[in-house]
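S.K.: Please see the structure below; I have some questions.
The values are calculated or read from the model by the stated rules, or taken from the named source; none is laboratory data. Since the model is a prediction, treat every value here as computed from it, not as a measurement. For neighbour counting, all protein chains shown are included, and Cβ atoms are generated from backbone atoms with ideal geometry for every residue, glycine included.
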Amino acid sequence: MEEYKHMANIRLQRLFNRNERIVIVAMDHCLFDGPTDGMINLAETARSVASCVDGILLSPAMLPHCRDAFNYKGAPMAVARLNWSTTYCFKWNYRQGATVSAFSPAEALRLGADVALVSLTLETGSESNDAHNVAVFRKLCGEAKNLGMPVIGEYFPVEAESLNPDQLHTKVYNGTRIIAELGADLIKTFYTHTFRAVTESSPIPVLGLGAAKLPTQRAALRLAADEVAAGAGGVVFGRNAIQVPNPAAFQQALCDVVKRGIAPDDAARIHKLQ
């Protein structure tokens, strides 16, 4: 990650941990879906996160409940999601990608957040809704950066699971660059079949997400390896990192793959994954 050594924000430099690739564990699902397997007791889930992980993504309101995951030297950084979008309400079959501001950057900072995450959804079928989503993104992004908080911009298309590979790639390719142009410091988005084009067209680091739960832990590790091989600056894994028999062991294997380039099958064997 030598190309990002110029980053001036100290929090951003800490997230990259001396130019290593980033591993973030996402546990913000309940913000949209209510109680979720593996995250019912969120404080317990947070305590199970492996020590090698660089950040934990969650709702700002959950930070006080999960303080034990963040209140010691060398702890993962707290990444706080600031906006709320119907795009993520999978149980409710919403289709319009409506977005609102849920937490101000100042509130998140007071609660203990280190890094802000703000999502953007475009091509919702409504020009006014798209423009509103951009306005929400810019407002939260600008306020966060004024407070010294780095911003991870997440590009998440409407009904992503129903898109064919070419459609998904086109949306991610365009949306990623738009988020960079709107001022994000990092981008979290879907892996596509031509992901190298996405990472090479972005002037800021792109983090590959884990998306839907994969059938095996080895498959999840292979996804992470593919994302890194295509130029990702790291990964953000949620269900694939949490809804497993031994989350800490999987996350240690994930760190080996992403940070140290260990082959997925070797990492699985080292950490005794099924």
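S.K.: I need a count of the residues in segment 89-113 that are in a helix (DSSP H, G or I) and among the small types (Gly, Ala, Ser).
M.R.: Residues that pass the stated criteria total 2.
S.K.: Then there is this: Across segment 229-246, what is the total count of residues that are in contact with a Gly (Cβ under 8 Å, 6 or more places away or on another chain) and either without any contact (Cβ under 8 Å) to a residue 12 or more places away in the chain or surrounded by fewer than 18 Cβ atoms within 10 Å (Cβ to Cβ) (or both)?
M.R.: 1
S.K.: Got at least one residue in segment 241-256 being of a type in the set (A, V, I, L, M) and farther than 26 Å from Cys30 by Cα?
M.R.: Scanning segment 241-256, I find no residue that is of a type in the set (A, V, I, L, M) and farther than 26 Å from Cys30 by Cα, so the answer is no.
S.K.: Among the residues of segment 178-203, what is the count of those that are outside any helix (DSSP H, G or I) and either out of contact with any Ser or Thr (no Cβ under 9 Å at 6 or more places or on another chain) or polar (S, T, N, Q) (or both)?
M.R.: 13
S.K.: Oh, and also: Please determine whether any residue of segment 58-80 is in a strand (DSSP E or B), touching a residue at least 60 places away in the same chain (Cβ under 8 Å) and in contact with a helix residue (DSSP H, G or I) (Cβ under 8 Å, 6 or more places away or on another chain).
M.R.: yes
S.K.: Moving on. Could you list, in sequence order, the residues of segment 118-177 that are part of a loop (DSSP other than H, G, I, E, B), crowded, with 18+ Cβ neighbours inside 10 Å and either touching a Leu at 6+ places or on another chain (Cβ under 9 Å) or in contact (Cβ under 8 Å) with a residue 40 or more places away in the chain (or both)?
M.R.: Scanning segment 118-177 gives Leu122, Met149, Pro150, Phe156, Pro157, Val158.
S.K.: Quick one: is Arg14 assigned to a helix (DSSP H, G or I) and out of contact with any Phe, Trp or Tyr (no Cβ under 9 Å at 6 or more places or on another chain)?
M.R.: The answer is yes for Arg14.
S.K.: Something else: Can you tell me which residue among Ala78, Ala61, Ala26 is buried (at least 23 other Cβ atoms within 10 Å of the Cβ), at pLDDT 95 or above and out of contact with any strand residue (DSSP E or B) (no Cβ under 6 Å at 6 or more places or on another chain)?
M.R.: Criteria check complete, one pass: Ala78.
S.K.: Answer with yes or no whether Ile40 is under 19 Å from Asn240 (Cβ atoms), among the aliphatic types (A, V, I, L, M), surrounded by fewer than 19 Cβ atoms within 10 Å (Cβ to Cβ) and modelled with pLDDT of 90 or more.
M.R.: yes
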